[in-house]
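What follows is a short report on a single structure.
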Amino acid sequence: MADSGASFKRRQQPASFGRLHTFHGGLQLPGHCEVTAALPVSSAGIPPILVLPLQQHIGAPAECRVRPGDHVCKGQTIATAPGPISVPVHASSSGTVIAVEKRPVPHPSGLQAECIVIETDGRDSRQQADHAAIDYRHTEPAGLCELIQQAGIVGLGGAGFPTRVKLCNRSQRIELLLINAVECEPYISCDNRLLQERAAEVVEGVRILRHTVQPDVCIIAIEDHMPAAEQALRAALDAVNEPDISVTRVPDIYPSGGERQLIKILTGREVPSQGYPADIGIICQNVGTAAAVYDAVVRRQPLLSRIVTVTGDGVAQPQNMDVLLGTPVSHLIATAGGYTEDVERLLIGGPMMGYTAHTDSVPVIKTSNCVLAVTREEMPAPPPAQPCIRCAKCTDVCPAELLPQQLYWYARSNNYDAAQDYELFDCIECGCCAYVCPSHIPLVQYYRHAKAEIWTQEIQKKVSDTARSRHEAKQQRLARIKQERAERMSRKKQALSGDSGNKDAKQAAIQAALDRVKHKQKLAGTVPKNIDNLTVEQQRLIDAADRRRQQQHPGNKTTD
Amino acid sequence: MLTALITFGILAAVIGLVLGYAAIRFHVESDPVVDQIDALLPQTQCGQCTYAGCRPYAEAMAAGEADINQCPPGGASTILALADLLGVDPKPLNPEHGEHSEKTVVTIDEQVCIGCTLCIQACPVDAILGAAKQMHTVIASECTGCDLCIPPCPVECIHVVPVKTTLHNWIWPLPETPPREVTAHG
């Protein structure tokens, strides 16, 4: 499988990564991408409305920095990252912000989320001062990381993990920088076209990433069935005389483009369960991300557009499109000649890992690689699920080497502890098990449900721990206040019931207090306010009281 | 015979002393079972179980005075966990104590609030912020949905609202038509 052609010998990989390995399971699926892979990428143009969700990545949603009515330029930051695991959002074309509101977003739930809605003006005008290109060779890796972060770049392969976090937050020395151009899911050809048309930019992006990460080895992995893309890539590498970046073809088995599976194929190593590739000295980046890094560093343009495969029998002219982020899917479909008559449903993502879109008004976001409109013949509704017959076909194809039927059993019976014992969270939701299941059980959906339930329970646990500590704190506070009050009362009582023979001392204390008040009043020049303008009757009562006091305590002074 | 008796007598005395010392030296203040039960309870502190809070209920359960099915906010999953911990059979929630419902929080209608502080005193987790004759407000992220603040409010300005489903707390639904169970006859 590895490169063996004489002309490529110069770029043979170092010995440690020379031999290709295999991963367990996987499927050979029909490609369905010949049509779109042969057509050039067209531009989807500037849609009348751009809808930019504040969350297009994994991590905290960005914080909106514009208000309705604001005019924005192309490339202007309209939302900023609130924390380290988040990225900013930029206006992908110029226009006016008409709303910051909840709109449908591409998500399996069909729920709405906060979006910035821009009415475009068609001028696509940029900000005045465009920054000059940066020579990455003379820039510190940390500086490049910051540029990548400011450009809002996330993994464009599908997960949308902020690229800066992947590149910079690590203690491990990186042995291998792996650029993933393995587009294993059927129908999708956006990376294929990207390599064919912008190979030089991709290579430059990879060199920037290599300078940032400083790995020992850098490999671009490409799939068997992409000869044109491979040719373009090799030509681009030759053009810049870059012998240290090698290109490796990997077999066309789904899901060889999965991060963990690709690492297994190339190195034979396994990423630890619940760990990251960086834990074993590997960083894996999508080829689209490399192109975005090129745009950010050399062209000084943030992530504003991406290539999306618009395909399926349900759309008139399947093709790859260069799409501004925030473009509604309906605009893409219209640009691709509209739906065919027998269109059945619309998927965001590929046929294996994608999900049904509830409406075509959802926008293209940073992680959208494919819009798939399918007909009934193309993707018939699955027949009703039958009982599991324990045939273990799912186990044979599982690329994560799990036991899907056990997981299904436990997920279905809400036995989440057991599901976790069977490493539910190592499931990459590739869909191989459900694809081969002779009983047509939608297995992945059970796993997704179980995962979400477990996360929810964990959050609930944290919430109830907080509630417990807050409740205990309140009880302690109440007890403390009660005790303090009791102590105060007992002190007062003691003072009152104390030595009764010591009356003179008590009297002296009272007199001293009275004197203090008098002195203070004299200093402030104030007199009691309630003895002005007294009636004769009131004056008489006061005099009578004073007389009584004189008789009882002859030493005391009278009221003034 | 006598040697054996003496030997075992001395052994028993020595081991008894060691055990006695260990019991005093390593004495555990709190009953750990109470802590374990308390960790399973949802900590809403709502008092629907007829006890003054989750911990008193846990103590009563540990003492065998309360049943495991008295916690409506916890629902079936809490009952299952308690049954598992205490080694008893799970049973359905006792309807006398209320029904299990989705998690809710309360909000204060700030136009109507007169700043009486009664709800602040009632809140078991200090999730209401305010002062005398100042507007009060609920810290939604800390509210456990116990509804204890509602009865004391003299102007009925506290309302129960369900927790909204967002992208962050949405759960993938199970398939609509689950496959039939395999039975001996099916």
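The values are calculated or read from the model by the stated rules, or taken from the named source; none is laboratory data. Computed from a predicted model, the values in this text were never measured in an experiment. Cβ: placed from backbone, ideal geometry, glycine included. Neighbour counts: every protein chain shown.
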### Query
Quick check, is A:R491 more than 9 Å from chain B (Cβ to nearest Cβ) and assigned to a helix (DSSP H, G or I)?
yes
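From the list B:A22, B:A13, B:A81, which residue is of a type in the set (G, A, S), within 13 Å of the chain's Cα centre (by Cα) and not assigned by TED's automatic domain parsing to the domain that holds B:G145? Write out each step before concluding.
Working: B:A22 fails: within 13 Å of the chain's Cα centre (by Cα); B:A13 fails: within 13 Å of the chain's Cα centre (by Cα).
None of the others qualify; the one that does is B:A81.
With the structure loaded, tell me whether B:H159 is more than 10 Å from chain A (Cβ to nearest Cβ) and modelled with pLDDT under 90 or whether it fails that test. Lay out the reasoning, then the answer.
Numbers: more than 10 Å from chain A (Cβ to nearest Cβ): yes; modelled with pLDDT under 90: no.
When the stated conditions are applied, B:H159 does not pass them.
Yes/no matrix, rows are residues, columns are (1) in contact with a helix residue (DSSP H, G or I) (Cβ under 9 Å, 6 or more places away or on another chain); (2) at negative phi; (3) outside the structural domain of A:S246 (by TED's automatic domain parsing); (4) surrounded by fewer than 19 Cβ atoms within 10 Å (Cβ to Cβ):
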position: A:V87; (1), (2), (3), (4): yes, yes, yes, no
position: A:V97; (1), (2), (3), (4): no, yes, yes, no
position: A:D121; (1), (2), (3), (4): no, yes, yes, yes
position: A:G160; (1), (2), (3), (4): no, no, no, no
position: A:L178; (1), (2), (3), (4): yes, yes, no, no
position: A:L194; (1), (2), (3), (4): yes, yes, no, no
### Query
A:L156: under 22 Å from A:I365 (Cβ atoms), part of a loop (DSSP other than H, G, I, E, B) and modelled with pLDDT of 90 or more, yes or no?
yes
### Task
Find all pairs meeting these conditions: Cβ atoms under 7 angstrom apart; at least six residues apart or on different chains; first residue within the stretch A:404-415 and not assigned by TED's automatic domain parsing to the domain that holds A:G25; second residue surrounded by fewer than 24 Cβ atoms within 10 Å (Cβ to Cβ) and of a type in the set (K, R).
A:Q405/A:R390
### Task
Would you confirm whether any residue within the stretch B:130-153 is under 30 Å from A:P383 (Cβ atoms) and surrounded by 12 or more Cβ atoms within 10 Å (Cβ to Cβ)?
no
## Note on the structure
Out of (1) within 28 Å of A:D417 (Cα to Cα); (2) more than 14 Å from chain A (Cβ to nearest Cβ); (3) not in a loop (DSSP other than H, G, I, E, B), the one B:L80 does not meet is (2)
## Note on the structure
All conditions in (1) of a type in the set (A, V, I, L, M, F, W, C); (2) part of a helix (DSSP H, G or I); (3) within 14 Å of chain B (Cβ to nearest Cβ) are true of A:L144 except (3)
### Message
I need every pair where a residue in the stretch A:382-402 that is at positive phi has its Cβ under 6 Å from the Cβ of a residue that is assigned to a loop (DSSP other than H, G, I, E, B), sequence separation at least 6 or different chains.
### Response
A:E401/A:H24
### Query
Given (1) at pLDDT below 90; (2) more than 30 Å from B:P154 (Cβ to Cβ), where does B:E99 come up short, assuming only one miss?
(2)
### Message
Given the criterion more than 9 Å from chain B (Cβ to nearest Cβ) and either part of a loop (DSSP other than H, G, I, E, B) or farther than 27 Å from A:T22 by Cα (or both), identify the matching residue among A:P399, A:P387.
### Response
A:P399
### Query
Hey, any hits in the stretch A:194-210 for a residue that's at pLDDT 90 or above and in a loop (DSSP other than H, G, I, E, B)?
no
### Yes/no for A:Q476 being touching a helix residue (DSSP H, G or I) at 6+ places or on another chain (Cβ under 8 Å), within 30 Å of B:G53 (Cβ to Cβ), within 12 Å of another protein chain (Cβ to nearest Cβ) and not hydrophobic (A, V, I, L, M, F, W, C)
no
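Would you point out the residue of the stretch A:362-402, among those that are of a type in the set (G, A, S) and under 16 Å from A:Y435 (Cβ atoms), that is surrounded by the fewest Cβ atoms within 10 Å (Cβ to Cβ)?
A:A381
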### Message
Return the pair list, or none, for Cβ contacts closer than 8 Å from residues in the stretch A:82-110 that are more than 13 Å from A:Q150 (Cα to Cα) to residues that are surrounded by fewer than 19 Cβ atoms within 10 Å (Cβ to Cβ) and basic (K, R), at least 6 apart or on different chains.
### Response
A:S94/A:R123; A:S94/A:R126; A:V97/A:R67; A:V100/A:R67
### Task
Considering each of A:A419, A:A411, A:A452 in turn, give the residue that is part of a helix (DSSP H, G or I), more than 13 Å from chain B (Cβ to nearest Cβ), within 25 Å of B:H168 (Cβ to Cβ) and of a type outside the set (S, T, Y).
A:A419
#### Entry: Inter-residue pairs, beta-carbon under 9 Å, first in a strand (DSSP E or B) and in the stretch B:139-164, second hydroxyl-bearing (S, T, Y), 6+ apart
B:I158/B:T107; B:H159/B:T107; B:V160/B:T104; B:V160/B:T107; B:V161/B:T104; B:V161/B:T107; B:P162/B:S101; B:P162/B:T104
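Assess whether A:E429 counts as being in a helix (DSSP H, G or I) and within 14 Å of another protein chain (Cβ to nearest Cβ).
On the way: in a helix (DSSP H, G or I): no; within 14 Å of another protein chain (Cβ to nearest Cβ): yes.
Taking the combined requirement at face value, the residue does not satisfy it.
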